[in-house]
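Data block below; observations after.
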Amino acid sequence: MPDVDEQVAVLAAPTPDAGLEPPAGPGFVQPVQREWLDRLATGTVTVAPILALAYAAYHSWQGLLRWSDVIVFAAAYVLTGLGVTVGFHRLFTHRSFKTSKPVRAALGILGSAAIEGPVTAWVADHRKHHDFSDQLGDPHSPHVGHGHGFRAEMAGLFHAHVGWLFIHTHRGAKERYARDLRADP
């Protein structure tokens, strides 16, 4: 029987995506319990900030928004952005550097504050994305399964940024892609 690396190489080989199923071998896809609840939560955290921004814009016209509010928003935006880019992506996913436990915890907390899901799920999806970049099995590829032309490109753009959050058929299995984080207390 071929080893796991050979199986991944075969599954990651470029293939036309018409009518094919994503890699479903053992450990590739994270099973989801109560998918409807996950979709409801994802929809809420996706739509609520947009509504909050509209609410804030309305109140800014009413003179209720102060400079201190804008400064707090900007600081929170930068800190949570660093939590995702430096923490979730560079530190936890790619293990690009080592740091102390308090800094590691702070980056994990700041990344979680960005409401992009638990660090283990984020890491598993991103590592799987690198295994299957722009091929069948990539959790958030804008280029797979959307067809051709302007409308397909817009559908792919939407899928890559938001739509993939509602589809669970390509999610990275945490036991396969984030085993190191699951073992880390």
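Below are the figures for this structure:
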| read-out | value |
| --- | --- |
| Given (1) over 17 Å from the mean Cα position of the chain (by Cα); (2) modelled with pLDDT of 85 or more, number of the condition residue 157 does not satisfy | (1) |
| Scope the range 91-140; condition of a type in the set (Ser, Thr, Tyr) and more than 22 Å from residue 175 (Cα to Cα); matching residues | 99, 100 |
| Residue 132 vs. criteria in the same structural domain as residue 180 (by TED's automatic domain parsing), within 30 Å of residue 181 (Cα to Cα) and over 12 Å from the mean Cα position of the chain (by Cα) | yes |
| Sole exception among (1) in contact with a strand residue (DSSP E or B) (Cβ under 9 Å, 6 or more places away or on another chain); (2) more than 18 Å from residue 88 (Cβ to Cβ); (3) among the small types (Gly, Ala, Ser) for residue 121, by number | (2) |
| Residue in the range 79-124 that is surrounded by the fewest Cβ atoms within 10 Å (Cβ to Cβ), counting only those that are part of a helix (DSSP H, G or I) and among the polar types (S, T, N, Q) | 85 |
| Identity of the residue in the range 125-140, in a loop (DSSP other than H, G, I, E, B) and touching a Phe, Trp or Tyr at 6+ places or on another chain (Cβ under 8 Å), that ends up farthest from residue 163 (Cα to Cα) | 137 |
| Per-region count, the range 58-78, residues surrounded by 11 or more Cβ atoms within 10 Å (Cβ to Cβ), in a helix (DSSP H, G or I) and either among the aliphatic types (A, V, I, L, M) or at pLDDT below 85 (or both) | 8 |
| Members of the range 157-185 that are surrounded by fewer than 20 Cβ atoms within 10 Å (Cβ to Cβ), under 21 Å from residue 45 (Cα atoms) and either among the small types (Gly, Ala, Ser) or in contact (Cβ under 8 Å) with a residue 60 or more places away in the chain (or both) | 160, 162, 163, 166, 168, 169 |
| In the range 108-125, the residues that are over 8 Å from the mean Cα position of the chain (by Cα) and in contact (Cβ under 8 Å) with a residue 60 or more places away in the chain | 115, 119, 120, 124 |
| Filtered residue count, the range 12-56, keeping only those that are aliphatic (A, V, I, L, M), modelled with pLDDT of 65 or more and closer than 26 Å to residue 152 by Cα | 5 |
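The values are calculated or read from the model by the stated rules, or taken from the named source; none is laboratory data. Just so it is clear, the model here is predicted, and its values are computed rather than measured. No Cβ is skipped: glycine too gets one built from the backbone with ideal geometry, and neighbour counts run over all protein chains shown.
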